[in-house]
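Below is one structure, written out as structure tokens; comments come after it.
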Amino acid sequence: MLSACSAPKQKGLVYFNDLESIKGWAPVNLSKRYAHSGMYSNKFDTAHVYGITFRQLFREISDDKIIKVKISFWAYMTPKAAGKLVMEVKKPNNTTAIWTARDMGEIAPKHNEWQQVDLELTMNDSINKPENMLAIYPWSIGKGDFYIDDIRLEYILGY
């Protein structure tokens with residue numbers, strides 16, 4: 001028997017993706033060449049400049065105000081790799097409220113080895129609106145390959 005009710009919001013406010021269970025579910029360029037854990041990672045190259053993207057409306061994340069987003073992931077950078085980790089907030093009319101990017105070469109400076117990246121992004125009140133959409137994604141802008149694995153997002157809430 002089905003009943004009409006709203007789906008509960010996630011209580012832990014932590015999202016994790018190891019790229020193992022996404023195979024077949026989303027159009028993400030998965031690679032077996034390098035993986036931090038399991039068999040797969042998300043590969044970025046000149047043909048695959050965008051990869052796994054987290055997208056969610058603020059109201060679907062929490063009824064409380066989001067103060068910060070903590071992002072943790074593992075990155076494997078080849079010598080000619082260049083990219084950005086982007087956080088974007090869009091308004092309902094699809095205009096950009098904020099777009100910010102961190103350079104992958106700065107946050108993951110080593111080549112040919114897995115390195116953990118930990119970032120905190122602070123939210124301001126002007127973008128913290130229930131109808132706005134948050135998107136977080138890696139973006140390749142270079143000729144070399146890089147790989148992302150074991151992505152974790154955590155929301156820090158205020159009241």
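The values are calculated or read from the model by the stated rules, or taken from the named source; none is laboratory data. Computed from a predicted model, the values in this text were never measured in an experiment. Cβ sites come from the backbone with ideal geometry, for glycine too, and all protein chains shown count toward neighbours. Just so you know, the surface numbers come from the protein's heavy atoms only, side chains and all, with ligands and any DNA or RNA stripped out. Shrake-Rupley method; radii C 1.70, N 1.55, O 1.52, S 1.80 Å.
Averaged over residues, the count of other Cβ atoms within 10 Å places the peptides 54-61, 95-102 in the sequence 54-61, 95-102, highest first.
Over all pairs of different C-alpha atoms, the chain has a mean inverse distance whose reciprocal, the Kirkwood radius, equals 16.6 Å.
Computed per residue of the chain from DSSP H runs no shorter than four, each worth -39500 (n - 2.57), the mean residue ellipticity at 222 nm is -500 deg cm²/dmol.
Put simply, the amide H of residue 123, placed in the peptide plane, has neighbours under 5 Å in 68, 69, leaving out anything fewer than 5 places away on its chain.
Extending 7 Å from Cα along the Cβ direction at residue 48 and again at residue 67 yields two label points whose distance is 3.7 nm. A 1.4 Å probe run over the chain, with the rest of the protein chains in place, finds 57 Å² accessible per residue.
Couplings 3J(HN,Hα) for region 81-86, derived from phi with the Karplus relation 6.51 cos²θ - 1.76 cosθ + 1.60 (θ = phi - 60°), are 5, 8, x, 9, 9, 9 Hz, where x marks Gly and Pro. Sparse packing (at most 13 other Cβ atoms within 10 Å of the Cβ) combined with a DSSP loop state is found for the following GluC sites (Glu not before Pro) in region 68-159: 113, 131.
Based on Cα contacts under 8 Å between residues 6+ apart, the chain shows a relative contact order of 38 percent.
Here the 3J(HN,Hα) profile of region 89-105, calculated from phi with Karplus coefficients 6.51, -1.76 and 1.60 at θ = phi - 60°, is 10, 10, 7, x, 7, 6, 7, 8, 7, 7, 9, 9, 9, 10, 6, 4, x Hz, Gly and Pro shown as x.
Across the accessible surface of the chain, with the other protein chains kept in place and a 1.4 Å probe, carbon and sulfur atoms take up 51 percent.
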